[in-house]
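Here, each number is a calculation from the coordinates, and none is a lab measurement. Source: prediction; values computed, not measured. Here Cβ is always computed from backbone atoms with ideal geometry, including for glycine, and neighbour counts include all displayed protein chains.
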Amino acid sequence: MAIPDIPGSSVSVDELDAADPIPDGYVLLDVREHDEWQAGHAPGAVHIPMGELPARMDDLPEGELLVVCRSGGRSARSVQWLNQAGYDAYNLVSGMKGWQAAGFPVVRDDGAAATVL
C-alpha cells in the first residue's frame, strides 16, 4: 500500500493490504462517537472522538495517523485540524462503512457480534 507523501491526503480502503490493513508506522485513529465505537471498530484502533481531540492531544499515539469515522466526513475535518496542529494525518475515505464492506475485521470490546453504525 502506498500512503501519499502529503499529509492531509485521502486513502481509500481499496489501497489497504487485506492481510495487514494498517501499514507499519501508522496508527488507525477512530474519531467516531462512543456508541459507534462500542458497536464495532477496527482491531488495534485508537479511539478519540472528534469533539475530544483538542482536549486529548496528549493521548494521541506516536506515528502517522490514518483517521477514520463512519463514512469519511468527520475524519476529513479531523485530519485538517490534526495537520494544522503539526501531525501527519491522512483521511480514510469511505470510513468504517468502507472498511467493513472491504471485509476487514470489526470487533467489539465485549466480544459480542460487531457492526458499524
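Scan region 74-93 residue by residue and report those that are in contact with a strand residue (DSSP E or B) (Cβ under 7 Å, 6 or more places away or on another chain) and among the polar types (S, T, N, Q).
Applying the first criterion (in contact with a strand residue (DSSP E or B) (Cβ under 7 Å, 6 or more places away or on another chain)) to region 74-93 yields 75-76, 78-79, 82-83, 87-93.
Residues satisfying the conditions are SER75, SER78, ASN83, ASN91.
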request  = Determine the pairs where a residue that is without any contact (Cβ under 8 Å) to a residue 40 or more places away in the chain, located within region 61-90, has a partner that is polar (S, T, N, Q) and assigned to a helix (DSSP H, G or I) with Cβ atoms under 6 Å apart, the partner being 6 or more residues away or on another chain.
outcome  = VAL67/SER75; VAL67/SER78; CYS69/SER75
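Hey, could you check region 1-26 for residues that are under 19 Å from SER78 (Cα atoms) and free of Cβ contacts under 8 Å to residues at least 24 places away in the same chain and say which is surrounded by the most Cβ atoms within 10 Å (Cβ to Cβ)? Reasoning before the result, please.
First pass over region 1-26, keeping only residues under 19 Å from SER78 (Cα atoms): 3-13, 22, 26.
Checking the rest, the ones that are also free of Cβ contacts under 8 Å to residues at least 24 places away in the same chain come to 5-6.
Details: ASP5: 7, ILE6: 9.
This residue is ILE6.
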task = Output the residues belonging to region 27-36 that are crowded, with 17+ Cβ neighbours inside 10 Å and touching a residue at least 60 places away in the same chain (Cβ under 8 Å).
result = LEU28, LEU29, ASP30, ARG32, GLU36
key: Residue selected from region 54-81 under the condition within 23 Å of PRO43 (Cβ to Cβ) and acidic (Asp, Glu), by the criterion surrounded by the most Cβ atoms within 10 Å (Cβ to Cβ)   = GLU64
